[in-house]
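What follows is a structure written as C-alpha cells; I'll ask about it next.
Just so you know, all these numbers are worked out from the coordinates, no wet-lab data involved. What you are looking at is a predicted structure, and each value in this text was computed from that prediction instead of being measured. Cβ coordinates were reconstructed from backbone atoms using ideal geometry, including for glycine residues, and neighbour counts include every protein chain displayed.
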Amino acid sequence: MKKKLSVIITLVLLFLAVPTVCMAAGEDGASWFAQSAWALLPPLIAIVLALITKEVYFSLFIGIVTGGLLYSNFSFEGTINAIFTDAMVSKLSDPWNVGILIFLVILGILVAMMNKSGGSAAYGQWAAKRIKSKRGAILSTFALGVLIFVDDYFNCLTVGSVMRPVTDKFKISRAKLAYIIDATAAPVCIIAPISSWAAAVTGMVDGYDGLTLFVRAIPYNFYALLTLVMIITMAVLRFDYGSMKKNELNAEKGDLFSTNDHPFGDATEEKSSGKGKVIDLILPVIVLIISCICGMVYTGGFFSGEANFIQAFADCDASVGLVLGSFIALVFTFLLYMIRRVITFKEFSQCLVKGFHAMVPAILILTLAWTLSAVTSLLGADVFVAELMENSAKGLQLFLPAIVFLVALGLAFATGTSWGTFGILLPIVVAVFPTSSELLIIVVSACMAGAVCGDHVSPISDTTIMASTGAQCNHINHVSTQLPYALTVAAVSFVAYIIAAFVQNAWIVLPIAVVLMIATLLLIKVISARRVSK
C-alpha cells in the first residue's frame, strides 16, 4: 500500500510541476509535448503502474489522464475533450473495434453454450484418457494454437476455451496456459501467409509485392520462430523459471491461479446439462474455423469473383469477417443443441447473458487500452519515433536489423499495437534499401519480429488481453510471468539479427539461432537447478 501511495503522490507532484514549465509554450493551442519523447510517457506510466500495483484498470486510466493532460497543456476542458471525444468515443465508434467487441461477445456466448451443453466437460474427459502427461497437455495446446493461424483474437479465445479442461486436469497453471496461448497467437499469425496479420503487413508496403516480401521474410522472423522452439524445448525438458515456476509449483498443489482473484469464475463454475458429447465441442469449433475463414475471404471479394483466395485474404476486413463467421457458428451451434436437446431454449437465453458477462473484463481492458493508444497517437508518438528512425537509419546499415528490432519492440510495447508499429516503421525501412537487397528482407522481418515481441510483452496489448481472457487468468499475472520468457527469446533474436546482417543467408542463420535458443534454455535450466540445490 505504501508503494502504491508513493507512486500516486509522485505522479501528482509531476502534474503540479510540469504546467509551470510549459504554460507559455501552449498559448497557440498546440501541445508543447507533441511529437517528442514526452509522447511516450502516458503508456510507460500505465505499464509501470500496472506492473507495480497489479491493478490494470486503474493503471490504464492514469495513463489516459496523463496523456490527456499533456495533449491539452493541462487544460481541464481540453483534457476531458481529449480523453472522451478525441480518444475513447472515436475508438469505440471505429468499425474495426466495434467488430472485435461483437466478435468477443459472440465467442463468449459460444463458450457459455459449450459449457452448459456439457461439450467442454466431455472433451476434457475424452482428452484426459488420451493425453497421459503434463507434457502431452502442453504440446497438445501448442499444436492447436499453431493450427488456428487465421487470426490471433480467434486463436486466443478458441484455444483457451477448448484446452482449459485438459490443462486443468494435469495441473497446469492458468499463467502457463495464457503464455502458450499468447505465444501461439501473434507469433504464429506473423509467419502464416494466410492470416489477418499477413493481410495487414502486405497492405502497408507501397511499391512492392507485399505478399512476396512477407513470405521471403518468414525465415528471418527469429522472434516468432524461436518462440515456438522455446515452447517445445521447455515442454520436452520439463522446466520453468522466473515467476512462472512459482505459478507451476502452486498449480501442482491445486492452486491454478496463484492470485487472490479467480477471473471469470462464474463461467468456470457453470453446471452442464450432463448430456453433452465430444461432438458438441468439436463440431462448433470446426464450423467456427471454417465460417471465419469464409467470412474473411468474403469481405475480400472471393465469392463475388473479384479476387482469388490469396488476394481475398490480403484485401479482407478481418473484423467484419470474424463477426460474420462467429455469428454463423452461433446459429449452427444453437440449432445443433436444440436438435440434440442438450440445452433448452431458456438455457440458451441464459447463455446469451452469461457469455456477455464473461467478456466484460476483456471489453473494459480493451476499451481503456484503445483509449490510451489513441491519446498516445494524438501526442504524435508515431511521428517522433519515425523521425528518430529516419535520421539514424542510413549510417548504421549492417546493425540496422538489430536496431529496428529494438525500436519496433519498444514502440509496440509502449503503444500496445503491432499493426500500428508496422504502419510507422515499414515505410521507413523499405525506403532505405533497394528492392533486390537481401538486407531489405532482413530489416522488414526485424520490424515485424520486434513489433510482435513488443505486443507480446505489453500489458496494454489487445492480444495479451485476449490471451488472459482465453486462459481465464489474472491479466497482470499473465504479463509478469510471460515477461522473462519473452525477453529471453528477444535477447537471442537480437543476437541473431546482428549475425544475419553480416551473413545474409536465412538457411545459415536460422539453424544458428535455433541452436543458440536451445543452448540458452539449457544454461538457464542448469542455473535454476543449482539455485534450487543451494
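Shape of the stretch 120-166 from its Cα gyration tensor (a ≥ b ≥ c, root eigenvalues): rounded if a/c is under 1.5, otherwise prolate when a/b > b/c, or oblate? Don't skip to the end; give the middle numbers.
Values: a/c = 2.87, a/b = 1.62, b/c = 1.77.
Oblate, since a/c reaches 1.5 and b/c is not below a/b.
Further question on the same structure: Normalise the Cα radius of gyration of the stretch 45-194 by 2.2 N^0.38 Å (N = residues in it) and let me know the number.
Rounded to two decimals, the normalised Rg is 1.35.
Students often check this: by mean Cβ neighbours within 10 Å, which of 319-325, 245-251, 175-181 ranks highest, and how do the rest follow?
175-181, 319-325, 245-251
Anything over 19 Å Cα to Cα? Flag those among Lys134/Lys176; Lys253/Lys525; Lys129/Lys246, in the order listed.
Too far apart for the 19 Å limit: Lys253/Lys525; Lys129/Lys246.
On to the next question. Report the normalised scattering of the stretch 464-508 as log10 I(q)/I(0) at q = 0.26 Å⁻¹, calculated by the Debye formula with identical scatterers on the alpha carbons.
Log-scaled intensity ratios, in q order: -0.85.
So, with +1 on the Cβ of K and R and -1 on the Cβ of D and E, and no other charges, what is the size of the charge dipole of the stretch 116-182 about its Cα centre, to the nearest 20 debye? Intermediate results must be reported in sequence, preceding the final value.
Numbers: 11 positive and 4 negative charges, 111 e Å.
I would put it at about 540 debye.
If packing is taken as the mean number of other Cβ atoms within 10 Å per residue, what is the order of 352-361, 403-412, highest first?
Values: 352-361: 18.5, 403-412: 25.7.
In decreasing order of mean packing, 352-361, 403-412 become 403-412, 352-361.
Moving on to the next point. Using label points projected 7 Å from each Cα along Cα→Cβ, tell me how many nm separate Asn81 and Ser304, to one decimal.
With each label placed 7 Å out from Cα toward Cβ, I get 3.9 nm.
Take the Cα atoms of the stretch 35-128, find their three principal axes, and give me the spread along each one in whole Å, biggest first.
Sorted largest first, the three principal extents are 59, 32, 21 Å.
What per residue convex hull volume, in Å³, do the alpha-carbon atoms of the stretch 402-534 yield?
In the stretch 402-534, the Cα convex hull volume per residue is 122 Å³.
How do the peptides 477-489, 339-351 rank, highest first, by the average count of neighbouring beta carbon atoms within 10 Å per residue?
Result, highest mean first: 477-489, 339-351.
Still on this structure, please answer the following. Given the stretch 475-534, what whole percent of its Cα pairs are spread farther than 16 Å?
56
Rounded to whole Å and sorted largest first, what semi-axes of the equivalent ellipsoid does the C-alpha gyration tensor of the stretch 80-120 yield via the square root of 5 times each eigenvalue?
Taking √(5λ) for each Cα gyration eigenvalue gives 34, 9, 4 Å.
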